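Trainee: Questions regarding the structure given below will be posed in turn.
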Amino acid sequence: GHIAECVSKTIITDVDECENILIVEVKNANGEDKTENYSLFYETGMLKVTPRPITVSPVDGTWEYDGTEHSGEYETEGLVDGHSLSAFTSTIIDAGKTDNEVFVETITNAYGEDVSFNYDIGYGNIATLEITKRPITIVYESGNVEYDGLEHTFDGYTDEQERDLTFAAGDEFVFTFP
């Protein structure tokens with residue numbers, strides 16, 4: 001008996017559409033090419049690679065105020081193994097809240113090649129970034145002086161939480177006592 005062996009075929013990897021063409025050779029049991037003894041008719045098919053859907057979802061984040069900028073984080077679902085996603089998110093520095101939105105820059109394969117066009121990127125719900133106010137309790141020292149007709153002031157203080165009262169660069173903390 002003779003067997004048909006594929007010697008050439010269409011290969012498609014990225015999102016695209018093309019004709020699927022196969023070239024075959026007919027060989028006998030000894031591996032000899034007998035293709036010239038056959039009239040081969042090819043009916044081409046179509047190959048189509050469609051974009052892969054992925055979801056990029058921002059994640060909530062909360063920090064106590066420390067004077068530094070904080071960036072949101074995100075999670076991905078559906079990315080091909082070995083591919084990586086580069087994105088930037090919202091940032092926050094001062095006490096308050098803001099939406100954490102994700103903006104995808106590129107998706108690369110294991111060789112560092114941009115394959116973003118092979119993905120249909122969907123975004124999850126918007127998350128929230130929050131900087132909470134840094135709690136500091138100032139405890140004024142007390143004093144006791146017998147009346148002598150003079151003005152008196154007591155300017156001592158301590159931080160009730162006994163934390164370092166060093167603030168972020170650019171911050172100034174001034175105590176003024178009457």
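The values are calculated or read from the model by the stated rules, or taken from the named source; none is laboratory data. If you're wondering where the values come from, they're calculated on a predicted model, not measured in any experiment. Backbone-built Cβ (ideal geometry, glycine too); neighbour counts: all protein chains shown. Remember, those area values only see protein heavy atoms, side chains included, never the ligands or the DNA or RNA. Shrake-Rupley method; radii C 1.70, N 1.55, O 1.52, S 1.80 Å.
Trainee: In what sequence, highest mean first, do 147-153, 129-135, 52-58 appear when ranked by Cβ atoms within 10 angstrom?
Mentor: Ranking, from highest mean packing down: 52-58, 129-135, 147-153.
Trainee: Now for a separate question. Please identify the GluC sites (Glu not before Pro) of segment 83-116 that satisfy two criteria: DSSP loop assignment and at most 16 other Cβ atoms within 10 Å. Which are they?
Mentor: Filter output for segment 83-116: E101, E113.
Trainee: To the nearest 20 Debye, how big is the dipole of segment 18-73 about its Cα centre, given +1 on the beta carbon of each Lys and Arg and -1 on that of each Asp and Glu?
Mentor: Charge dipole of segment 18-73: 480 debye, to the nearest 20.
Trainee: Heavy-atom accessible area per residue, segment 72-122, 1.4 Å probe: how many Å²?
Mentor: Per residue, segment 72-122 has an accessible area of 61 Å².
Trainee: Can you tell me, using C-alpha contacts under 8 Å and at least 6 residues apart, the relative contact order of segment 83-133 as a whole percent?
Mentor: Relative contact order for segment 83-133 comes out at 44 percent.
Trainee: May I pose another question? Listed highest first by mean packing, meaning other Cβ atoms within 10 Å per residue, what order do 116-127, 5-16 come in?
Mentor: Descending packing order for the listed peptides: 116-127, 5-16.
Trainee: Filter the chymotrypsin sites (Phe, Trp or Tyr not before Pro) in segment 1-109 down to the DSSP loop ones having no more than 11 other Cβ atoms within 10 Å, then list what survives.
Mentor: Qualifying residues, ordered by number: F41, Y42.
Trainee: Could you give each residue of segment 52-67 its phi-based ³J(HN,Hα) in whole Hz, using Karplus coefficients 6.51, -1.76, 1.60 with θ = phi - 60°, and x for Gly or Pro?
Mentor: 7, x, 10, 10, 10, 10, x, 10, 4, x, 9, 9, 7, 3, 9, x
Trainee: Sum up the charges of everything whose Cβ sits under 10 Å from the Cβ of F88, counting Lys and Arg as +1 and Asp and Glu as -1, but leave F88 out.
Mentor: Taking every Cβ under 10 Å from that of F88, the sum is -2.
Trainee: Please give the charge dipole size of segment 95-140, origin at the Cα centre, charges +1 on K and R Cβ atoms and -1 on D and E Cβ atoms. Round to the nearest 20 debye.
Mentor: The calculation lands at about 540 debye.
Trainee: Next up: Going by amide H atoms built from the backbone, whose H comes under 5 Å of the H on R52, apart from near neighbours?
Mentor: Hits under the 5 Å cutoff: Y119, D120.
Trainee: Tell me the relative contact order for segment 39-146 as a rounded percent, counting alpha carbon contacts under 8 Å between residues six or more apart.
Mentor: Dividing the mean separation by the residue count of segment 39-146 yields 33 percent.
Trainee: Another question about this same structure. Return the long-range amide H neighbours of H83 (sequence gap of 5 or more, or a different chain), with a cut-off of under 5 Å between placed amide H atoms.
Mentor: Under 5 Å from the amide H of H83 lies no amide H from a residue far enough along the sequence or on another chain.
Trainee: Rounded, prolate or oblate: which fits segment 22-148 when a ≥ b ≥ c are the square roots of the eigenvalues of the alpha-carbon gyration tensor, with rounded for a/c under 1.5 and prolate only if a/b beats b/c?
Mentor: Cα axes put segment 22-148 in the prolate bin.
Trainee: Amide H of T10: which non-local residues (sequence gap of 5 or more, or other chain) have their own amide H closer than 5 Å, using H built in the peptide plane?
Mentor: Placed amide hydrogens put I21 under 5 Å from T10.
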